[in-house]
Structures are given as C-alpha cells and as structure tokens.
Amino acid sequence: IIQGGMSAGKTFAIMTILIGYCESYADSLVTVVGMSYKHLDTGSMRDFQKIMKEQGRWDRNRWNKTSKTYTFPNGSILEFLSVDKMSARGPRRDVLFVNEANGLSREVFEQLADRTKDFVIIDFNPSSEFWAHDLIKEFPDDTTFMILTYADNEALSRREIANIERHRPKAGEKP
C-alpha cells in the first residue's frame with residue numbers, strides 16, 4: 001500500500017516494477033485498474049508508455065489501443081481496465097495494481113484481489129482515511145505500507161520542487 005501526495009512519483013515507480021515483472025515472468029498477466037479510462041490514460045498508461053519509450057522497449061505493434069493491452073515478447077500481457085467498464089468478478093491475474101484506490105469500494109477491491117495470484121499493489125493520495133488503512137491494521141504481517149512525498153521523487157526539477165513548496169501549507173496551517 002503506497003500513500004503519496006502530488007509528484008511523489010508513486011505511479012511511475014510502480015509501473016517500472018510492473019514492466020520488470022512482465023519481462024521476468026513469461027506468459028504472466030498484470031492488470032492495472034483505475035476509476036475510469038480517462039484517469040488511466042492521463043496517469044498510469046501515459047507513465048507506462050513513457051518508461052517503455054525512454055528505455056527503447058516500446059513496440060507500437062504490441063500495443064492494442066482498443067483493448068488497452070500491451071503484449072511483451074515473452075507472452076506476458078499488461079492490461080489497463082476501468083472499474084466503471086468492467087466486472088470485478090472477471091478473470092484471474094498474476095499481479096494487480098489499483099491506481100488511486102480511494103476511488104474504489106472495498107467490495108470491488110476484494111473481488112479483484114481475490115482473483116490475483118502473486119501480489120497486489122494499491123496507491124492513493126492522502127486526502128482522507130479509507131478502507132486501505134483498515135487493511136494495514138487487519139493484515140499487518142501481510143501488508144507493507146509506505147508513505148511517499150515529492151521529496152522522495154529524485155526526478156523532480158528545482159522549479160517543480162519550488163512550485164510545490166510555494167503552494168504547500170506551512171507547519172501548523174490548515175490546508
């Protein structure tokens with residue numbers, strides 16, 4: 001479970017891990033779930049394509065725009081699914097990443113997680129407590145919890161850091 005604010009780099013880092021998983025485990029299925037395709041398109045899908053292109057691994061012939069799937073040379077598939085367009089009772093997968101999990105109900109999350117073989121990653125912005133915080137308490141031996149901030153993102157420029165800090169509440173101030 002990864003909690004992180006604006007520009008913490010959590011989605012970018014998670015997508016890097018998922019790409020590595022797909023390349024390491026042939027014929028695996030990794031599912032990235034978001035609240036909507038618009039949300040996925042401007043977030044995790046964009047990060048995925050950027051990472052693949054920057055590393056010289058992007059092959060547009062392996063990207064299916066219609067199904068929003070990328071098939072790796074070893075047969076692994078990374079798919080992007082929108083909760084508003086899918087049934088959480090769908091097929092099984094090896095890995096699940098729920099992007100901005102605070103936009104999903106716990107029931108939908110559990111249906112997805114129950115159909116996942118290896119591991120589940122969720123991320124969210126720290127706007128308020130929700131069911132993910134309960135998971136930390138309910139399954140302490142089976143859950144890793146991380147909090148990231150913009151200060152953890154080594155890729156941010158000085159200008160980006162200055163802009164973030166300019167608009168952050170000062171210690172003791174209300175947001």
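The values are calculated or read from the model by the stated rules, or taken from the named source; none is laboratory data. Quick caveat, the model's predicted, so the values are computed rather than measured. No Cβ is skipped: glycine too gets one built from the backbone with ideal geometry, and neighbour counts run over all protein chains shown. Ligands, DNA and RNA are stripped out before the accessible areas are found, and what is left, the full protein with its side chains, is counted by its heavy atoms. Shrake-Rupley method; radii C 1.70, N 1.55, O 1.52, S 1.80 Å.
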Practice task
Of the numbered conditions (1) surrounded by fewer than 20 Cβ atoms within 10 Å (Cβ to Cβ); (2) in contact with a Lys or Arg (Cβ under 9 Å, 6 or more places away or on another chain), Tyr21 fails exactly one; give the number of that condition.
Solution key: (2)
Problem - Selection status of Thr144, open to solvent by 60 Å² or more (accessible area, probe 1.4 Å), closer than 30 Å to Tyr25 by Cα and at pLDDT 90 or above - result: yes
Practice task
Output the number of residues of the range 29-49 satisfying the condition of being in contact (Cβ under 8 Å) with a residue 24 or more places away in the chain and either within 10 Å of the chain's Cα centre (by Cα) or open to solvent by less than 50 Å² (accessible area, probe 1.4 Å) (or both).
Solution key: 14
Exercise for the section: Answer yes or no as to whether Asn99 is touching a residue at least 40 places away in the same chain (Cβ under 8 Å) and either open to solvent by 60 Å² or more (accessible area, probe 1.4 Å) or farther than 24 Å from Gly9 by Cα (or both). Expected result: no
Problem - Residues that are out of contact with any helix residue (DSSP H, G or I) (no Cβ under 9 Å at 6 or more places or on another chain), part of a helix (DSSP H, G or I) and modelled with pLDDT of 95 or more, drawn from the range 1-45 - result: Ile17, Gly20, Tyr21, Cys22, Glu23, Ser24
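Which of the residues that make up the range 61-82 are among the hydroxyl-bearing types (Ser, Thr, Tyr) and surrounded by fewer than 16 Cβ atoms within 10 Å (Cβ to Cβ)? So that I can check it myself, show each step before the final result.
Our first condition is that a residue be among the hydroxyl-bearing types (Ser, Thr, Tyr); within the range 61-82, this holds for 66-67, 69-71, 76, 82.
Within the range 61-82, Thr66, Ser67 qualify.
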Problem - Long-range neighbours under 8 Å by Cβ, at least six apart or interchain, first residue of a type outside the set (Gly, Ala, Ser) within the range 59-77, second in a loop (DSSP other than H, G, I, E, B) and open to solvent by less than 50 Å² (accessible area, probe 1.4 Å) - result: Arg62/Phe72; Ile77/Ser28
